[in-house]
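Report on one structure; see the data block that follows.
The values are calculated or read from the model by the stated rules, or taken from the named source; none is laboratory data. From a predicted model like this one, the values you see are computed outputs, not experimental measurements. For neighbour counting, all protein chains shown are included, and Cβ atoms are generated from backbone atoms with ideal geometry for every residue, glycine included. Note: accessible area is taken over every heavy atom of the protein model, side chains too, but ligands, DNA and RNA are not part of it. Shrake-Rupley method; radii C 1.70, N 1.55, O 1.52, S 1.80 Å.
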Amino acid sequence: MQDKVQAKKSGGSPRQLEVHIGGDVATLTLNGSLTLNAQQVEDLVASLAMVRARMQPQVSHYPPPASASEFALNPRHSVMADPVEGSIFTFIRHPMYGWIALCQSQDEAMRLVLAMAGQLKLLEDDVPGGWTH
């Protein structure tokens, strides 16, 4: 499997970055050096995220330890109902990864709301929280 990301070098002709996937490894091949603007970096991150989604092992179904995570403090977010599909769209802005889009069924959206409400209650009661899945 192969993905390509293009960027322009200072002379104007495109340089190419190729990504080859082989199960549990990805090989990146660069044709010369690249200078990327913000949009090109976003495109590269999105392309690499799609590559990661196809690799083995899959991303864990459980979150990493909080101490090993890069948190976005009070990220912007937007939520919208999709009445045609009966689902909820959620967009969360992460300063390193851009806008992360989620599409959840009504049941999963309600589980998220209840999990957050439960964690807020623990904060009110001054009780340490734990991960809710």
Per residue, how much accessible surface does the chain expose to a 1.4 Å probe? Answer in Å², no decimals.
78 Å²
Report the gain in length on full extension from Leu123 to Ala38: 0.36 nm times residue separation, minus Cα-Cα distance, nm rounded to one decimal.
26.8 nm
Under 5 Å from the placed amide H of Trp99, counting only residues 5+ away or on other chains, we find His94
Magnitude of the Cβ-charge dipole of segment 32-96, K/R +1 and D/E -1, about the Cα centre, nearest 20 debye?
140 debye
Go through Met55, Met80 and list them by solvent-accessible area, largest first, probe radius 1.4 Å.
Met80, Met55
Taking every other residue with Cβ under 11 Å from the Cβ of Ser105 and scoring Lys and Arg +1, Asp and Glu -1, one gets -3
Mean separation of Cα contacts under 8 Å, 6 or more apart, over the residue count of the chain: relative contact order %:
13 percent
Loop sites only, by DSSP: take the chymotrypsin sites (Phe, Trp or Tyr not before Pro) in the chain that have at most 14 other C-beta atoms within 10 Å and name the longest stretch containing none of them.
1-70
List the GluC sites (Glu not before Pro) within segment 81-133 that fall in a DSSP loop (any state other than H, G, I, E or B) and whose Cβ has at most 11 other Cβ atoms within 10 Å.
Glu85
Compare the Cα positions of Gly23, Ile100, Pro57 along the charge dipole of the chain (+1 at Cβ of Lys, Arg; -1 at Cβ of Asp, Glu; about the Cα centre) and return the one farthest towards the positive end.
Gly23
As a test of the definition: which semi-axes, in Å, follow for the chain when you take the square root of five times each eigenvalue of its alpha carbon gyration tensor? Largest first, please.
36, 18, 17
Per residue of the chain, what 222 nm ellipticity follows from adding -39500 (n - 2.57) for every DSSP H run with n ≥ 4, rounded to the nearest 500?
-9000 deg cm²/dmol
If one takes the longest principal axis of the Cα atoms in the chain, at what angle in degrees, from 0 to 90 and to the nearest 10, does the Cα axis of helix 38-53 lie?
70 degrees
So for the chain, taking the charge dipole from beta-carbon charges (+1 Lys/Arg, -1 Asp/Glu), which of Phe91, Val45, Pro75 sits furthest toward the positive end?
Val45
In debye, nearest 20, what is the charge dipole magnitude of the chain about its Cα centre with +1 on Lys and Arg Cβ and -1 on Asp and Glu Cβ, if you could check?
620 debye
So, with a 1.4 angstrom probe, what is the percent of accessible area on the chain that is carbon and sulfur?
59 percent
